[in-house]
Amino acid sequence: MNKAIIEVNGLAAGYVKGLNILQGIDLVIKEKEIISIIGPNGAGKSTLLKAIMGLIPISGGRLYINGNELANFKSHELIKKGIGYVPQVANVFPSLTIEENLEIGLWTNTKNSKEGKKEIFEMFPILFEKKREKAGNLSGGQRQLLALGRALITKPDVLLLDEPSAGLSPIAIDEVFNSINEINNKGVSILLVEQNAKRALSFCDRGYVLDQGKNSYTGTGRDLLDDPNVIDLYLGKL
Amino acid sequence: MIEQLGNGLLLGLIVAIASVSLSLLYGVTRIVNFAHGEIIALGAVLTLFFSSSPESSFLYLDRFSPLGSSFIVSSIASILLCGVFGALLELCLFRPLRKNNYGNVAVLVITIGLSIFLRHIFLLFASARPASYALDLQKREDYFGIQLTPRNVQVLIIGSVVMILVGLFLSYTKTGRAMRAVRDSSELASVSGINSDYIITLTWVFSSMLAGFTGIIQGVINNVRWNMGFLILLLIFAGSILGGIGTSFGAMFGGFIIGMLVQLSVGLSFMDGHTEAKNAIALALMILILLIRPQGIFGSKERIS
Ligand SMILES: Nc1ncnc2c1ncn2[C@@H]1O[C@H](COP(=O)(O)OP(=O)(O)OP(=O)(O)O)[C@@H](O)[C@H]1O
Ligand SMILES: [Mg+2]
């Protein structure tokens with residue numbers, strides 16, 4: 001059995017005191033796994049990732065990284081613990097160049113800065129071509145690749161991705177999914193939040209369906225795809 | 001108008017450096033700091049206190065007599081103290097406000113209060129009389145048709161070097177890059193492994209030291225007054241906005257243009273005897289440019305992805 005990298009038990013959190021958007025979420029991400037989280041708009045998917053990353057106050061429940069409980073942690077400390085995160089929006093620094101965006105990811109680890117950049121540029125040649133351009137001038141798809149690169153350069157054990165394919169053309173979506181697969185093949189666990197539920201569920205090892213801040217269904221991707229309730233509520237008639 | 005060129009360069013330089021420090025602070029912390037002028041004045045007043053001869057009694061409270069140190073040592077000490085003061089403002093005031101999610105307007109009002117408070121402390125200690133540093137008087141000379149004292153020329157050179165160093169620092173150092181990253185998004189910087197609070201504190205220190213430096217050169221060129229920072233604050237805001245708030249290069253450029261224009265307009269014939277109105281023309285021009293380019297000359301429309 002692979003060991004858990006992130007474990008969330010009964011997590012409650014919200015943006016303002018006394019108003020919990022997440023009302024007791026349970027979730028496990030194990031080594032080398034791809035898991036996906038689906039659910040309707042406003043279900044709390046992005047909020048869950050923000051809570052794990054320490055960007056919003058947690059009011060209840062427990063969070064473990066590699067078996068150690070985290071309490072009162074700061075966002076920037078999670079990078080050293082091997083967690084990478086690509087937010088849904090504002091996921092690049094628009095006024096910095098492509099190269100500078102990647103260098104920001106190297107803040108905690110300057111030792112292998114040349115190597116790190118080289119790896120990312122090999123993986124995404126388009127970023128190398130445009131390395132001196134401002135990230136704000138990139139297309140949506142190129143931005144997603146840069147955001148992935150910025151998170152990957154920290155050498156995370158697990159990568160939290162919030163709708164990396166949102167707003168992209170079918171070809172760009174394929175590219176992003178291929179990159180995610182490639183990253184996973186190198187041993188990085190993936191937590192993927194996706195609107196395209198069918199694609200996400202057929203892609204992942206396990207899936208979670210969130211609704212109104214609670215887990216509503218959990219299972220392997222295959223099982224969820226075949227579950228009549230999930231089809232009814234989230235996937236639509238096939 | 002040409003006879004104002006020398007003064008125009010000097011005021012342009014002062015406003016340019018001050019605009020860079022204001023706009024960097026705004027960019028990184030999102031605080032519109034009305035007390036920035038008082039940090040400028042702090043640099044000038046501290047230098048006056050450190051460098052004036054112990055017998056001179058410019059201080060309102062005669063309990064304190066000046067230290068009589070050399071001007072260079074006094075300036076360096078003052079700039080460092082301005083940095084410490086900036087750090088204290090962040091740690092004791094603005095960080096707690098930020099952690100408690102005070103709104104931008106509330107913080108703005110607090111900076112106005114802080115400005116008034118500090119200004120009157122200066123009035124109390126340094127008196128309302130303009131004072132000058134203990135530097136020997138120099139005559140203006142002709143430099144390529146521009147009338148300046150040798151000390152003015154030194155100020156122009158040192159000021160330009162400082163601006164270039166600031167530009168290099170922001171562009172090429174790891175810390176400068178982190179400041180620009182936090183300016184774009186402090187959340188994204190945090191989840192990239194940067195301690196945003198640390199970078200914000202550094203920005204306060206850096207920006208306050210630059211402000212103090214501005215105050216000292218303003219004191220050298222003109223004189224030291226309790227409200228000197230407040231008087232120039234409007235021009236600094238104008239310069240930052242004109243260049244495009246949040247861009248350091250833009251602020252530098254905008255500040256320089258505003259300072260130049262203000263001083264050059266003194267030379268216009270219809271301004272004879274009305275030099276008090278010298279800000280009007282520059283500010284009218286600023287409004288005109290912003291009507292055409294609301295994002296400022298160098299600001300980009302798209303700031304957030
Ligand atoms: N910054 C915020 N401040 C206050 N409430 C917020 C904030 N962001 C989101 N919310 C609220 O939290 C709830 C969950 O939002 P969240 O963004 O987590 O949904 P989501 O599942 O990611 O949806 P989507 O699929 O549209 O991205 C929503 O009701 C939303 O209104
Ligand atoms: Mg979302």
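The values are calculated or read from the model by the stated rules, or taken from the named source; none is laboratory data. Because the structure is predicted, anything quoted here is derived from the model rather than measured. With ideal geometry, Cβ positions are generated from the backbone for all residues, glycine too; neighbour counts draw on all protein chains shown. We work out accessible area using only protein heavy atoms, side chains counted, and drop any ligands, DNA or RNA first. Shrake-Rupley method; radii C 1.70, N 1.55, O 1.52, S 1.80 Å.
Tabulated results
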item: Members of the stretch B:185-205 found to be β-branched (Val, Ile, Thr) and at the interface with chain A (Cβ under 7 Å from one of its Cβ atoms), listed by number; result: B:Val191, B:Ile194
item: Qualifying residue in the stretch A:129-139 (condition: part of a helix (DSSP H, G or I) and more than 21 Å from B:Asp184 (Cβ to Cβ)); result: yes
item: Residues of the stretch A:5-18 satisfying the condition of being more than 8 Å from ligand 1 (Cβ to nearest atom) and open to solvent by 70 Å² or more (accessible area, probe 1.4 Å); result: A:Lys17, A:Gly18
item: Output for the stretch A:159-178, where each listed residue is out of contact with any Gly (no Cβ under 9 Å at 6 or more places or on another chain) and more than 14 Å from ligand 2 (Cβ to nearest atom); result: A:Pro170, A:Asp174, A:Phe177, A:Asn178
item: Candidate set from the stretch A:158-174 (those that are farther than 22 Å from B:Leu188 by Cβ and surrounded by fewer than 18 Cβ atoms within 10 Å (Cβ to Cβ)); member that is nearest to the chain's Cα centre (by Cα); result: A:Asp174
item: Of the criteria (1) in contact with a helix residue (DSSP H, G or I) (Cβ under 7 Å, 6 or more places away or on another chain); (2) within 14 Å of chain A (Cβ to nearest Cβ), which one B:Leu264 fails; result: (2)
item: Test: residue in the stretch B:166-181 that is more than 14 Å from chain A (Cβ to nearest Cβ) and without any contact (Cβ under 8 Å) to a residue 40 or more places away in the chain; result: yes
item: Single match in A:Ile183, A:Ile153 (criterion: touching a helix residue (DSSP H, G or I) at 6+ places or on another chain (Cβ under 6 Å), away from ligand 2 (no atom under 16 Å from the Cβ) and modelled with pLDDT of 90 or more); result: A:Ile153
item: Residue count, the stretch A:177-199 (criterion: within 12 Å of ligand 1 (Cβ to nearest atom) and either part of a helix (DSSP H, G or I) or within 14 Å of the chain's Cα centre (by Cα) (or both)); result: 4
item: Complete set of residues in the stretch A:31-74 that are open to solvent by 30 Å² or more (accessible area, probe 1.4 Å), of a type outside the set (A, V, I, L, M, F, W, C), within 16 Å of ligand 2 (Cβ to nearest atom) and within 14 Å of another protein chain (Cβ to nearest Cβ); result: A:Lys50
item: Sole residue being open to solvent by 30 Å² or more (accessible area, probe 1.4 Å) and either in contact with a Phe, Trp or Tyr (Cβ under 9 Å, 6 or more places away or on another chain) or not aromatic (Phe, Trp, Tyr) (or both), chosen from B:Ser171, B:Ser196; result: B:Ser171
item: Whichever residue in the stretch A:108-123 is surrounded by fewer than 19 Cβ atoms within 10 Å (Cβ to Cβ) and outside any loop (DSSP other than H, G, I, E, B) and, among such residues, is modelled with the lowest pLDDT; result: A:Ser113
item: Matching option when the condition is basic (Lys, Arg), over 25 Å from A:Arg143 (Cα atoms) and without any contact (Cβ under 8 Å) to a residue 40 or more places away in the chain, among A:Lys74, A:Lys30; result: A:Lys74
item: Of all residues in the stretch B:272-305 being exposed (fewer than 13 other Cβ atoms within 10 Å of the Cβ) and within 14 Å of chain A (Cβ to nearest Cβ), the one that is modelled with the highest pLDDT; result: B:Lys301
item: Residue match in the stretch B:128-140 (condition: away from chain A (no Cβ under 14 Å) and either crowded, with 16+ Cβ neighbours inside 10 Å or within 30 Å of A:Leu78 (Cβ to Cβ) (or both)); result: yes
